[in-house]
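This report concerns only the one structure given below.
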Amino acid sequence: MSDATVSLSIDGMDVTVPKGTMLIEAAKQAGVVVPHYCYHPSLPSPAVCRMCLVEVEKLPKMVPACVTTAGEGQVVHVHSPAAKKAREGVLEFLLINHPLDCPICDQAGECELQDFVFQEGQAGTRYADYPKRFNPVEDFGHDVLYIPNRCILCTRCVRFMDHVAEESVLTVSERGDRATISIDPAHRLDHQWAGNVVDLCPVGSLVSKDFLHKARAWDLDKTASVCPGCTQGCNIMVDTRDEVVVRLRPRPNLEVNRHFICDTGRADYRWMNRGDRLEEAAVRGEQGLEGTAWESTLERVAALVAEGEGAVTVLLGGRVSTESIGWILRLLSGRRVTAAMRVPLGDEVPLAGMANLALRAERAANLHGAQLLGAGADWHAAVASAPDTDLVILVDAPLSDTELAVVARAGAVVQLSTVAEPGLENTAVLAPITSMVEEQGVFINRDGRAQRFLPARTPPGMARPAWWVAANAWALADEARTAPATASEALAALPALDGLTHAQLGFTGRVIAPVAAGGVR
Amino acid sequence: MAIGVKVMERPEQGVSYVRATLKGMALTFKHLLQPRVTMEYPEVRSDDEWRIATRWRGTHRMLTDEQGRSKCVACGLCPQICPANCIKLVPGEDERGNRYPLIYEIDEFRCVFCGYCQEVCPEEAIHVGVHYENAEYSRDRFVYDHERLAAQSHPVSTLWDPTDPRGE
């Protein structure tokens, strides 16, 4: 035994945990899930739900696992008959007033009440003769709807607003069986991070208006991804139903976003389902842009890069992956390149209770990846340089009308785009690329953490990742060159990333280089 | 070496067809005098003597409540359980905020009539019917939409009850 750790036995499993660990976390390490409602790893524990009661030998009563620290030599029983009976009682109380509306409840399928009742609740009810408590549905504002009948008063939402968002607008009002969550009448739940209460709610009491009745939990395909909204790089889960993204949810990563994402990121999924996507490659021929196959498209790109001597401008959108930026710049090695990423600016909205977590002002996910690879953030200078260059490579960056007029004066434009920019008369090549929800890739966040995102949808038409287009055009120039076959190989081949593969990053990413936060103009 | 063949001695009476014919005719005339067991379908359909089993699983029917609205709340369990993948469901919300199916279609051609949809339905809305006359003039008429399912009036199946396995 060392001073920093304690050893205990949980359901017959011996575990050693750091001193001060709560029993519920120690049990998690032992592979035992203690059923719980009020406990959440990112919130303070009030032990109000009484669901996590466990039996500890030599203690006179059962103790809540979420607030009891693990002690040396403790023998804990989570699934003993007494502990099970206690949980059964708690569940019976919770179900007295809980409506039987699972068929129309949005949470059904991912509801903790459903799970634990199914696991160890009673089959019947002893309260069938009494009417259930009824309270009307309340609109908490912004995206959140409160359905009090389903509430089990775990108070996670109240604690989130009090201790994490630090804007105390929710509280428990009334007492006993009349208790409900209520909102300060002078306020709405319009905090930038308030949408997290929907995810925190273990039952379907707080639901998202945006997602209401859209899909059932079991219909959804879940894909690990990274939020493309800002330089924070929050880990998210992309939920798709029949190839349509229906919602984004936070994915726990204790190093980056813990269990939260902001509402801006949460709502920013509609572009992923755009129907006006570019599906076919085209090169400029005698009759304007003519649809063609990848071979001739790549040949034209390679020819455009090889034939000129002058400067090249690369205009990047904020969601272009590290692989793509790296390979586009490698394709252009030997030319004088001005590369910049378009970084829309917004207000920085920190989440008060969490260190180093905010909706960042720089609303471009891969700004630091671009900077690491040698592209800058000086967008306006890069656009201004376009008329003096032979070639502009436009990588999924939206242009304003004035910028469009400037870029239209460049020698030629290669558009690697998800959505074509029709206004450019000097477009030589129009190549459809995949968006970040259709490809694998890596974003590097503001702390230099490289994080993977995975494909959640099938790419439209003949769209390919931008790095694939760049790498294959690069390989055409010399027979000795071979283009990487996968995104992981593409990443590993970049000198700045030093052989880093996707497998090394795992699902929580890895800090590869602390990047000095570059200035954005 | 020849195979030894034994030629059976058969009495003349035993191999005559006359006797067999008379026997057959006797059976026929006996049935002429007995009560009829066949039903002249389609002039006569099921009656008290001959009734289709209550556990029969035929084309679907959506039950409605007292106001004539469909009982379906679009929970999505029937398309989930359906082994033939024949139910198409798109949920929506009506003007009172109730969940209801915007689109509810059953492709009766794909359906294998297992009755799982009825068994899984928490609202007792979708049922398989005691019904077998499904002929149509075109294939697309076999995709039953929500209105058509709700308009069906045939009795619904009782399915198999494990507590009463023999239907008594």
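Treating only the Cα positions of segment A:282-511 as identical point scatterers, give the base-10 log of I(q)/I(0) from the Debye formula at each q in 0.12, 0.16 Å⁻¹. Cα-only, vacuum Debye calculation for segment A:282-511: -0.63, -1.13. The calculated FRET efficiency for the pair A:Val511 and B:Asp65, based on their C-beta separation and a Förster distance of 51 Å, comes to about 0.30.
Taken over segment B:58-151, the alpha-carbon convex hull comes to 98 cubic angstrom per residue.
Checking every one of the chymotrypsin sites (Phe, Trp or Tyr not before Pro) in segment B:88-168 against DSSP loop status and a limit of 14 other Cβ atoms within 10 Å picks out B:Phe109, B:Tyr132, B:Tyr137, B:Trp160. A crude spin-label estimate for the pair A:Ser173 and A:Leu254, with each label 7 Å from Cα along the Cβ direction, gives 3.8 nm. Once the Cα atoms are used to define both axes, helix A:294-307 deviates from the longest principal axis of chain A by about 60 degrees. Couplings for segment A:324-333, taken from phi via the Karplus curve 6.51 cos²θ - 1.76 cosθ + 1.60 with θ = phi - 60°, read 5, 4, x, 6, 5, 5, 5, 4, 9, 4 Hz in order; Gly and Pro are left as x. Between A:Arg258 and A:Asn253, the built amide H atoms are under 5 Å apart, and every one of these is 5 or more places off in sequence or on another chain. Here the mean projected area of the convex hull built on the C-alpha positions of segment B:1-41 is 6.4 nm². Each 10 Å bin, from zero up to the one with the longest distance, holds this percent of the alpha carbon pairs of segment A:5-93: 19, 54, 25, 1. Dividing the helix sum by the residues of chain A, where each DSSP H run of 4 or more adds -39500 (n - 2.57), gives a mean residue ellipticity at 222 nm of -5500 deg cm²/dmol. Cβ-to-Cβ counts within 10 Å put A:Leu170, B:Leu22, A:Leu94 in ascending order as B:Leu22, A:Leu94, A:Leu170, the fewest first. Coupling constants for segment B:103-115 follow from the phi torsions by the Karplus curve (6.51 cos²θ - 1.76 cosθ + 1.60, θ = phi - 60°), and in residue order they are 10, 9, 10, 10, 8, 5, 6, 6, 4, 9, 6, 7, x Hz; glycine and proline get x.
Tell me the angle of helix B:17-33 to the major Cα principal axis of chain B, expressed in degrees between 0 and 90 and rounded to the nearest ten. Computed tilt is about 40 degrees.
Only Lys, Arg, Asp and Glu carry charge here, each on its Cβ (+1 for the first two, -1 for the last two); on that basis segment B:78-145 has a dipole of about 200 debye about its Cα centre.
Enumerate by residue number the GluC sites (Glu not before Pro) in segment A:352-457 meeting two conditions: DSSP loop (anything except H, G, I, E, B), and at most 16 other Cβ atoms within 10 Å of the site's Cβ. For GluC sites (Glu not before Pro) across segment A:352-457 that sit outside H, G, I, E and B with at most 16 neighbouring Cβ atoms in 10 Å, the list reads A:Glu425. Rg to Rh ratio, chain B, alpha-carbon atoms and Kirkwood radius? Dividing the radius of gyration by the Kirkwood radius yields 1.32. Rounded to the nearest 0.05, the FRET efficiency derived from the C-beta distance between A:Arg409 and A:His380 at R0 = 25 Å is 0.95. Which entries of A:Lys132/A:Lys214; A:Lys61/A:Lys132; A:Lys214/B:Lys88; A:Lys214/B:Lys71 show an alpha-carbon separation above 21 angstrom in the structure shown? The answer is A:Lys132/A:Lys214; A:Lys61/A:Lys132. Computed from backbone phi, the HN-Hα couplings of segment A:182-199 come to 9, 10, 3, x, 7, 10, 10, 8, 10, 4, 4, 10, 5, x, 5, 4, 5, 6 Hz, rounded to whole numbers (Karplus: 6.51 cos²θ - 1.76 cosθ + 1.60, θ = phi - 60°; Gly and Pro given as x).
Against the main long axis of the alpha-carbon atoms of chain A, helix A:466-476 sits at an angle near 40°. Here segment B:62-85 is scanned for amide nitrogen atoms under 15 Å from the site 7 Å beyond the Cα of B:Arg148 along Cα-to-Cβ, giving B:62.
A DSSP coil position with no more than 13 other Cβ atoms inside 10 Å describes the following trypsin sites (Lys or Arg not before Pro) in segment A:58-108: A:Lys58, A:Lys61.
Normalising the Debye intensity of segment A:329-416 to I(0), with uniform scatterers on Cα atoms only, and taking log10 at q = 0.18, 0.23 Å⁻¹ returns -0.83, -1.21. Take the convex hull of the alpha carbons in chain A; its mean projected area over all directions comes to 28.5 nm². Loop exposure criterion: chymotrypsin sites (Phe, Trp or Tyr not before Pro), DSSP state outside H, G, I, E and B, at most 14 other Cβ atoms within 10 Å. Applied to chain A, the longest stretch between such sites is A:135-506.
In straight-distance terms, cross-link reach from A:Lys84 covers every one of the aspartates and glutamates whose alpha-carbon lies under 20 Å from its own, apart from those fewer than eight places away in the same chain; here that gives A:Asp11, A:Glu25, A:Glu55, A:Glu57, A:Glu92, A:Glu112, A:Asp115, A:Glu120.
Under 20 Å from a label point set 7 Å out along the Cα-to-Cβ vector of B:Ala53, the amide N atoms of segment B:110-135 belong to B:111-120, B:127-134.
Just so you know, all these numbers are worked out from the coordinates, no wet-lab data involved. Just so we're clear, the structure is a prediction, and the values are computed from it rather than from any experiment. As a convention, Cβ positions derive from the backbone with ideal geometry for all residues, glycine included, and neighbour counts pool all protein chains shown.
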